[in-house]
Amino acid sequence: MSRRRKQKTAALVLFSGGLDSILAVKILRAQDIDATPVCFESHFFSADKAQSAAAASGLDLRVEDISKSHLSIVKNPRHGRGAAMNPCIDCHLLMIKIAGGIMAREGFDFIATGEVLGQRPMSQHRQSLAIIDRQSGLVGKILRPLSAKLLALTEAEINGLVDRDGLYDLSGRSRRGQLALAKKFGIKNIPQPGGGCILTDAEYARRLEELMRRQPDFGGDDARLLRHGRAVWQKDLLAVIARNQAECQNLKIMARAGDWLFEPQNFPGPTVLIRSFGKKNGQGETLPDSGEIKKMGQDFVRRYSKKVPSRPDILITNH
Ligand code: SF4
């Protein structure tokens with residue numbers, strides 16, 4: 001049923017599970033606005049934090065998978081990247097555009113976010129917020145309840161759907177204002193700031209950059225694989241070497257058609273996954289050839305094992 005028939009004002013709130021987004025929902029609900037939290041998941045971040053925070057606050061969360069479109073902005077960000085591989089402005093823009101589509105289709109009155117002016121170096125400056133509003137085609141339709149009093153009036157305020165007096169004027173990196181609001185709204189479980197997006201991780205960013213340079217057509221599976229183990233390239237072969245038991249299991253789960261798995265059978269050692277990005281030869285065999293791949297995988301298992309028996313038994317599987 002369309003929300004247009006509902007009496008209450010309805011807002012779609014971008015919800016990361018961080019304190020700011022929880023506060024955005026609480027501030028709107030305090031004005032009796034039907035605030036629906038929505039979060040996004042991709043190859044580089046999950047909905048886990050948002051789901052836990054929503055559950056802790058008794059909120060019914062909507063999750064949208066944006067893996068495909070997000071991957072394409074990670075490869076080609078129009079507005080550059082942050083300190084690592086994080087294309088934050090394009091990412092925010094993408095989320096806002098998707099939220100804008102939901103708003104138009106489902107009859108929400110406006111979009112809200114937990115953004116705080118000047119809190120993040122890249123994406124929460126006045127200029128970046130203006131870019132996001134303009135390029136999403138949603139000028140006047142995005143309310144930022146925590147900083148609204150420092151920003152231009154939105155349509156929701158002009159039309160009396162939201163009372164500006166019940167909004168805030170927080171800015172900067174200090175969390176003092178948010179913590180005071182958390183107290184006011186009785187929020188006891190305060191999530192730690194940050195975390196969640198692996199694109200901000202320096203080591204992962206280095207790996208992803210190398211993948212991008214070597215294989216510009218890489219897919220989401222490849223980006224996900226780089227979250228695990230040690231990654232070593234040899235020509236067109238990517239070897240991922242597990243560092244612990246959990247990673248051994250993860251590599252087995254992540255193996256896809258064409259991948260090679262190497263698992264020591266009679267000694268403790270790492271599982272190794274090798275993915276070939278090489279072309280096929282006339283016989284449909286991937287280059288480098290299987291002999292080279294087998295040798296590479298076995299060498300890595302031996303090299304990263306503490307004690308290798310004189311006759312090592314390594315199970316080799318070509319998926
Ligand atoms: S940190 Fe990651 S999830 Fe957050 S805006 Fe930047 S790219 Fe997007």
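Within the chain, the whole DSSP H helices whose Cα atoms reach 24 Å or more along their own axis and whose mean Kyte-Doolittle score is at least 0.0 are 88-106. Summarising the strand pairing of the chain, around 55 percent of its internal DSSP beta bridges are antiparallel.
Remark: the chain carries a charge dipole of roughly 480 debye about the Cα centre, counting +1 on each Lys and Arg Cβ and -1 on each Asp and Glu Cβ. For residue 79, the residues whose amide H sits under 5 Å from its own are 90, ignoring neighbours fewer than 5 places away on the same chain, with H placed 1.01 Å from N.
Take each peptide in 308-317, 263-272, count the other Cβ atoms within 10 Å of every residue, and average; sorted highest first, the result is 263-272, 308-317. Under the combined filter of DSSP loop state and at most 16 neighbouring Cβ atoms within 10 Å, the range 192-290 retains these trypsin sites (Lys or Arg not before Pro): 235, 243, 256, 279. Summarising the label geometry, the points placed 7 Å from Cα in the beta-carbon direction at residue 175 and residue 236 lie 4.8 nm from one another. When the trypsin sites (Lys or Arg not before Pro) in the range 6-42 are filtered for DSSP coil states and for at most 14 other beta-carbon atoms within 10 Å of their beta-carbon, the remaining sites are 6, 8.
Using Cβ point charges alone (K and R +1, D and E -1), the dipole size of the range 3-184 about the Cα centre works out to roughly 220 debye. Counted residue by residue at 0.36 nm each, then reduced by the alpha carbon distance between them, the extension gain from residue 308 to residue 52 reaches 87.8 nm.
Remark on residue 63: its backbone amide H falls under 5 Å from those of 39, a criterion applied only to residues 5 or more positions apart or on other chains, H modelled at 1.01 Å from N. Listed cross-link partners 68/97; 149/183; 279/307; 8/184; 8/141 are compared with a 26 Å cut-off, the Cα-Cα value being larger for 279/307.
Based on a Kirkwood Rh over C-alpha pairs, give the Stokes-Einstein translational diffusion coefficient of the chain at 37 °C and viscosity 0.692 mPa s in µm²/s. Result for D is 149 µm²/s. From helices alone, the chain scores -10500 deg cm²/dmol at 222 nm; the rule is -39500 (n - 2.57) for each run of n ≥ 4 DSSP H residues, then divide by the residue total.
We did not get these values from a lab; they are worked out from the coordinates using the rules stated. Predicted, not measured: the structure shown is a model, and the values here were computed from it. Every residue, glycine among them, receives a Cβ derived from its backbone with ideal geometry; neighbour counts consider all protein chains shown.
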